[in-house]
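Below is one structure; the comments refer to it alone.
The values are calculated or read from the model by the stated rules, or taken from the named source; none is laboratory data. Owing to the predicted nature of the structure, the values given are computational and were not obtained by experimental measurement. With ideal geometry, Cβ positions are generated from the backbone for all residues, glycine too; neighbour counts draw on all protein chains shown. SASA here: full protein model, heavy atoms, side chains in, ligands and nucleic acids out. Shrake-Rupley method; radii C 1.70, N 1.55, O 1.52, S 1.80 Å.
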Amino acid sequence: MKITDVKLTVVGIPRTTGFVSKHVIVELFTDDGITGIGEMSDFSHLPRYSLDVVDLTASLKMILVGKNPFDISLINKELVSNYPEMMFYYEKGNFVRNGVDAALHDLCAKALNISVADLIGGRMQDKIKVCFPIFRHRFMEEVEENLEVVRKRLAQGFDVFRLYVGKNLDADEAFLDGVKREFGGKVKIKSLDLSHLLGWKEAVQAVKRLSAYDFQMVESPALQNDFEGLHQFRMKMDHLVSEHVWSFRQLSEMIKHDSVDIFNISPIFIGGLTAARKAAAAAEVAGKGCLLGTTQELSIGTAAMAHLGASLVNLNYTSDPTGPELYTGDVVKQGVRYEDGYLIVPGRDKPGFGMELDRDLIARYQVEDLSWGDVSVHQLQDRTSQTKA
Ligand code: GAE
Ligand code: MG
Ligand code: MG
């Protein structure tokens, strides 16, 4: 089997918060008539420059056309030469590699008539516990809106939440207080996510202040790539520390510096399922915990993570992928499902990721390119439509 063509389609899909994320849907065609699909999810992150999708399609064709899609390691090696690791969390080259590697997995599993989970090691679990995100408070008036999000999502079965903090600690505290008063033990806060906004010492102050409330872990409580700062934070505080993984070099530095307890692994940020599996194996070898993070993918990207999570032996903390619940639309016939706060791994009866593109939906959400609209740095950092300065 050989890859014969590559197609990239840009879609822009609003979230329930009003924030619009742009994604690229990848299709790899073959001489066997089988098509693999993948997703380069959520390009709407800083830095504010955009890839030229026409140019990207031409480059990917040069790399992929004529290749056997089962040569996943070889293709990944070429992809990393062309879109190298940059030691940056939102590096767009990683998003590109992720979309292609996902489509390769979907393609190979379809060719074998098995699911991707079965292709990459089999199923350790059929469902993955996830938490719902509460985006960062900047204003007091957002506290009540976010408590309403908790009410609504709890009614749907999401009983674990994670909270972005660090821009308005009064509001962060008021929210945690509101959750404790109204829901008591019915709602759990998995993590406080500082998103690298504060240096580790300021992060210590912030987290100490919020420690009157229950939460399991603190995420990204230091500036990006401050491995020693993360270690200092971890030694000072009782809570578990988690950090995203965005390059193998960064991963190995975090192991060397004993920076974290838990690696937050997302294929999008480490550049594909192949790379994410290596990161999970590194966590296992280093005796660290592991959870699946998210950029908030559509159903194809989320299904890819569900298959990855299904196959992991060390997925030992609540994971993050809830994209399909956050977006107001999608591009597949039947999206991934959530039940009682679990992401359901698509079944063995569905080859590949178990997702089928819906051409009408693609046409509805398709946009010209990845260019940026009128959006502020705050909106990009905090993922809200809130335009106030
Ligand atoms: O830091 C996180 O855990 C996030 O999921 C973060 O990356 C978000 O900004 C996410 C989003 O678009 O909401 O990518
Ligand atoms: Mg995070
Ligand atoms: Mg994102």
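A few comments on the model shown:
- Stokes-Einstein diffusion of segment 224-294 at 25 °C, 0.890 mPa s viscosity, Kirkwood radius from Cα pairs, rounded to a whole number: 207 µm²/s.
- Size of segment 331-389 as Cα extents on the principal axes (Å, biggest first): 49, 32, 15
- Met140-Lys236 FRET efficiency (beta carbon distance; Förster radius 25 Å; 0.05 resolution): 0.30
- Overall, the ratio between the Cα radius of gyration of segment 1-139 and 2.2 N^0.38 Å, rounded to two decimals, is 1.16.
- Farthest toward the positive end of the dipole of the chain, out of Ile128, Gly354, Phe43, is the Cα of Ile128, where the dipole comes from beta carbon charges about the Cα centre.
- Residue among Asn225, Val150, Ala282 farthest towards the positive dipole end of the chain, charges placed on Cβ: Ala282
- Taken about its Cα centre, the chain carries a charge dipole of roughly 460 debye when the Cβ of each Lys and Arg holds +1 and the Cβ of each Asp and Glu holds -1.
- Mean projection of the Cα convex hull over all viewing directions, computed for segment 294-347: 3.9 nm².
- When each of the peptides 78-87, 227-236 is scored by how many other beta carbons lie within 10 Å of its residues on average, the order from highest to lowest is 227-236, 78-87.
- Placing unit charges on the Cβ atoms only, positive for Lys and Arg and negative for Asp and Glu, gives segment 314-375 a dipole magnitude near 300 debye about its Cα centre.
- Evaluated over segment 255-387, the Cα radius of gyration and Dmax, each in Å: 16.7, 50
- Dipole magnitude of segment 272-341 about its Cα centre (Cβ charges: Lys, Arg +1; Asp, Glu -1), debye to nearest 20: 300 debye
- Taking all protein chains into account, the per residue accessible area for the chain stands at 39 Å² (1.4 Å probe).
- Segment His378-Lys208, extension gain: residue separation times 0.36 nm, minus the distance between their alpha carbons: 58.7 nm
- Highest average packing first - 298-308, 244-254, 149-159, Cβ atoms within 10 Å: 298-308, 244-254, 149-159
- Principal axis dimensions, largest first and in whole angstrom, of segment 134-197 by Cα: 31, 22, 17
- Computed over segment 108-264, the quotient of the alpha carbon radius of gyration and 2.2 N^0.38 Å is 1.19.
- Per-residue packing, averaged as other Cβ atoms within 10 Å, sorts the ranges 281-289, 104-112 into the order 104-112, 281-289, beginning with the highest.
- Pair Val313, Asp358: separation of 7 Å Cα→Cβ label points (nm): 3.9 nm
- Considering all C-alpha pairs of the chain, those separated by over 30 Å amount to 36%.
- Apolar share of the accessible surface for segment 287-363: 41 percent from carbon plus sulfur atoms, 1.4 Å probe.
- Set of aspartates and glutamates near Lys256 by C-alpha distance (under 13 Å), chain-local residues within fewer than 8 positions excluded: Asp226, Glu228
- Taking Lys77, Lys190, Lys92 in turn, the Gaussian network model of the chain (Cα-Cα springs below 10 Å) assigns the largest fluctuation to Lys77.
- Gain on full extension, evaluated as 0.36 nm per residue between Glu228 and Asp177 minus their Cα-Cα distance, stands at 15.2 nm.
- Selected from Ser195, Leu298, Leu370, residue furthest toward positive end of dipole (the chain; charges at beta carbon): Ser195
- Residue-averaged 222 nm ellipticity for the chain, from DSSP H runs of 4+ at -39500 (n - 2.57), nearest 500: -12000 deg cm²/dmol
- Alpha-carbon radius of gyration plus Dmax, which is the widest Cα pair, for segment 64-190 in Å: 21.2, 61
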